[in-house]
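To start, the structure itself, in structure tokens.
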Amino acid sequence: MSSKPERISRGATPALRVSFEFFPPKTAEMESALWESIQRLAPLGPHFVSVTYGAGGTTRERTHATVARLVRETTLKPAAHLTCVGATRAEINEVARAYHGAGVRHVVALRGDPPTGIDQPYIAHPQGYQSTPELITGLKAIGDFEVSVSAYPEKHPQSPTLLHDIDILKRKVDAGADRAITQFFFDNSVFYRYRDLAAAAGLTIPIVPGVVPVQNFKQTAGFARRTGASVPAWLAERFEGLENDPATRRLVAAAVCAEQVIDLIDHGVTDLHFYTMNKADLVFAICHLIGLRAQGAIEQAA
Ligand code: FAD
């Protein structure tokens with residue numbers, strides 16, 4: 001048998017950095033599942049972990065509580081998502097100040113979805129931040145926040161063209177965005193095309209691919225439809241007939257995600273953002289495969 005490929009052997013990709021995205025839990029049961037996942041993934045030493053903000057600020061308190069607990073009880077660097085939807089500037093500034101006061105120094109700044117649905121035009125709160133660049137400017141005035149923003153390799157559903165989207169990203173960078181994290185995608189060529197277009201537009205901030213391991217194909221496909229991410233026929237075929245076979249589905253999900261991530265690394269990607277859906281196992285396995293090791297395990301082995 002031939003020796004194992006260099007790219008997935010331990011230490012072959014020392015410059016790799018990963019980040020993990022979680023959502024704030026609704027119930028005590030979900031909360032303990034989230035913290036189990038955080039405990040499992042934390043030893044991998046992520047660059048940062050981010051916590052989403054429910055549409056229209058519906059998780060304002062829960063997002064804050066989760067982020068504050070991350071600061072208090074872990075050495076992880078949390079990033080708090082924040083949207084402009086349905087709130088005045090004063091209210092958003094208060095949330096941002098509370099984060100700063102709690103020791104949070106990284107915000108994922110977003111416009112957010114129209115409260116009436118993504119198929120409706122976005123109407124900003126009359127006293128609110130009118131756009132993501134305005135929010136970024138507001139955040140940078142409040143404190144020394146590192147700011148990440150969204151990017152859409154297959155264009156945002158409300159965007160007329162991909163180039164328009166690149167222009168929106170440029171405005172966010174001009175306002176001070178430090179990094180873009182992409183919507184998830186399955187066909188890596190859309191990411192490479194977006195990266196090339198951004199570079200051609202003179203953008204030099206890191207554009208970090210958002211990767212979603214397919215925990216549940218039907219759910220992921222539905223989510224993809226709403227966010228404008230395409231679901232290739234080959235992906236559907238891979239999960240075909242596995243609706244009642246969770247064990248095989250997980251093996252297939254791991255293989256599909258590994259294939260995607262290894263191809264990204266082969267194309268020069270050094271930072272990866274995982275949409276964990278608050279579940280650790282698949283993400284942990286993929287990280288292991290690309291050479292990341294739990295720090296405790298390294299100490300034990302040394
Ligand atoms: P932007 O990138 O600012 O704009 C989106 C689109 O709106 C643009 O591409 C363009 O088509 C149009 N647009 C914006 N400004 C203008 C303008 N001045 N003129 C013309 N057109 C304009 N949602 C949540 O509710 N909570 C979260 O925690 C959350 N986290 C996310 C994290 C990531 C990494 C990503 C990729 C998305 C996330 N979302 C989240 C989803 C996001 O809120 C929605 O996609 C929303 O519809 C757009 O917000 P945005 O910040 O991406 O918008």
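Ordering 76, 34 by accessible area with a probe of 1.4 Å, largest first, what comes out?
Values: 76 25, 34 0 Å².
Heavy-atom accessible area, descending, gives 76, 34.
Averaging sequence separations of C-alpha pairs under 8 Å and six or more residues apart, then dividing by the length of region 41-94, give the relative contact order as a whole percent.
Working: 56 pairs, mean separation 22.6, N = 54.
Reported relative contact order: 42 percent.
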Area of residue 58 that stays accessible when all protein chains are in place (1.4 Å probe, Å², to 10): 100
FRET E, pair residue 163, residue 230, Förster distance 25 Å, beta-carbon r, rounded to 0.05: 0.85
Between helix 246-266 and the chain: long-axis angle, C-alpha atoms, 0 to 90°, nearest 10: 80
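Please give the charge dipole size of the chain, origin at the Cα centre, charges +1 on K and R Cβ atoms and -1 on D and E Cβ atoms. Round to the nearest 20 debye. Could the numbers behind the result be given before it?
Numbers: 31 positive and 31 negative charges, 76 e Å.
Roughly 360 debye, rounded to the nearest 20.
How high is the relative contact order of the chain, in percent, with contacts defined as C-alpha pairs under 8 Å that are six or more residues apart?
Working: 481 pairs, mean separation 67.9, N = 302.
Answer for the chain is 22 percent.
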Lys pairs under 25 Å by Cα in the chain, provided they are eight or more residues apart or on distinct chains: 12
Extension reserve of the residue 240-residue 141 stretch, reckoned as 0.36 nm per residue once the Cα distance is removed: 30.6 nm
Residue 120/residue 223 FRET efficiency (R0 22 Å; Cβ-Cβ; nearest 0.05): 0.75
Portion, in percent, of the accessible area of region 121-168 that falls on carbon or sulfur, probe 1.4 Å: 60
Extension gain from residue 289 to residue 27, taking 0.36 nm per residue of separation minus the Cα-Cα distance: 91.1 nm
Net charge over other residues, Cβ less than 13 angstrom from the Cβ of residue 80 (K, R count +1; D, E count -1): +3
Exposure of residue 116 as accessible area (Å², to 10), given a probe of 1.4 Å and all protein chains: 110
In degrees, nearest ten, helix 217-227 long axis to first principal axis of the chain (Cα): 30
Given charges at Cβ of Lys, Arg, Asp, Glu: the chain dipole, positive-most of 116, 25, 194: 25
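The values are calculated or read from the model by the stated rules, or taken from the named source; none is laboratory data. Keep in mind the model is a prediction, meaning the values are calculated, not measured. Ideal geometry is used to build each Cβ from the backbone, glycine not excepted, and the neighbour counts take in all protein chains shown. Note: accessible area is taken over every heavy atom of the protein model, side chains too, but ligands, DNA and RNA are not part of it. Shrake-Rupley method; radii C 1.70, N 1.55, O 1.52, S 1.80 Å.
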